[in-house]
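Below is one structure, written out as structure tokens, with a few remarks after it.
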Amino acid sequence: SLSYDPIKDLTTVGSIGVTPTVLVTNNKTINNLKDLVAWSKTKPDGLSYGSAGYGLLHHLAVEEIADQTKSHFVHVPYRGGGGATQDLVTGELAFGSFALGSVVSFVRNGDLKIVSVMQSNRTSLAPDAETIAEQGFPKLNAGVHFMVFAPSKTPKQIINKVSEALAKVVADPSLKRNFEAIGFDPIPMDANASSQLVRQTGID
């Protein structure tokens with residue numbers, strides 16, 4: 001039980017960015033979601049996949065794909081993404097659903113391949129990787145957004161001033177490079193744009 005209502009008692013100030021969720025595999029023959037679904041249907045016991053924990057967005061997004069494609073995926077939840085990533089690299093798992101930041105080094109060195117970026121727009125962090133929207137799921141967005149909120153009664157002029165300052169910080173080239181190096185996609189948005197995104201994702 002929360003002591004506050006996150007919808008009524010908070011208002012958006014601005015967006016910092018998003019950590020894209022990606023489906024990844026070490027199977028060199030799997031190039032897209034269609035291949036992954038077809039592979040699952042050759043496995044009577046299902047295709048194992050790892051995530052950083054049960055009930056997280058990374059897990060639920062895969063279950064939505066399984067439901068829509070009638071695939072048989074077997075979830076193997078881990079306590080964090082580290083162990084799951086290692087087991088995926090060594091072949092203990094068929095694929096995984098993770099925040100891009102936790103697997104970006106494995107993707108860049110060729111140990112893992114991105115099957116799909118789980119959002120509508122391609123990310124500059126992996127520009128060649130197809131999105132889930134491009135592969136037939138236009139409404140499935142599983143990126144983890146980072147935003148700044150304030151109490152809903154905060155005066156509008158203060159919200160706007162902080163929002164402008166936040167946007168300048170997020171747009172700073174050196175910060176952008178540091179964020180991108182760890183798999184974080186900086187996306188500066190003002191209060192209005194952030195609020196619209198919140199509404200589109202069904203939070204508001």
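The figures follow:
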item	result
Scan of the range 123-132 for residues that are touching a residue at least 12 places away in the same chain (Cβ under 8 Å) and either within 13 Å of Ala61 (Cβ to Cβ) or open to solvent by 40 Å² or more (accessible area, probe 1.4 Å) (or both), ordered by number	Ser124, Glu130, Thr131, Ile132
Residue identified as open to solvent by less than 60 Å² (accessible area, probe 1.4 Å) and assigned to a strand (DSSP E or B) among Val148, Val107	Val148
Residue that is most open to solvent (accessible area, probe 1.4 Å) [pool: residues in the range 7-51 that are closer than 30 Å to Ala193 by Cα and outside any strand (DSSP E or B)]	Lys8
Thr85 being among the hydroxyl-bearing types (Ser, Thr, Tyr), more than 25 Å from Leu197 (Cβ to Cβ) and not in a loop (DSSP other than H, G, I, E, B)	yes
Selection count where residues are under 12 Å from Met189 (Cα atoms), open to solvent by 60 Å² or more (accessible area, probe 1.4 Å) and not aliphatic (A, V, I, L, M), scope the range 159-174	3
Filter pass, Lys139 being outside any loop (DSSP other than H, G, I, E, B) and open to solvent by 20 Å² or more (accessible area, probe 1.4 Å)	no
Test result for Ala99, under 15 Å from the mean Cα position of the chain (by Cα), closer than 30 Å to Ala165 by Cβ and surrounded by 19 or more Cβ atoms within 10 Å (Cβ to Cβ)	yes
Conditions (1) farther than 30 Å from Asp190 by Cβ; (2) under 15 Å from the mean Cα position of the chain (by Cα); (3) among the polar types (S, T, N, Q); number of the one not met by Thr21	(1)
Residue within the range 56-74 that is surrounded by 20 or more Cβ atoms within 10 Å (Cβ to Cβ), polar (S, T, N, Q) and in a helix (DSSP H, G or I) present	no
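The values are calculated or read from the model by the stated rules, or taken from the named source; none is laboratory data. Since this is a predicted model, take the numbers as computed values, not measurements. With ideal geometry, Cβ positions are generated from the backbone for all residues, glycine too; neighbour counts draw on all protein chains shown. Note: areas computed on protein heavy atoms with side chains; ligands, DNA, RNA excluded. Shrake-Rupley method; radii C 1.70, N 1.55, O 1.52, S 1.80 Å.
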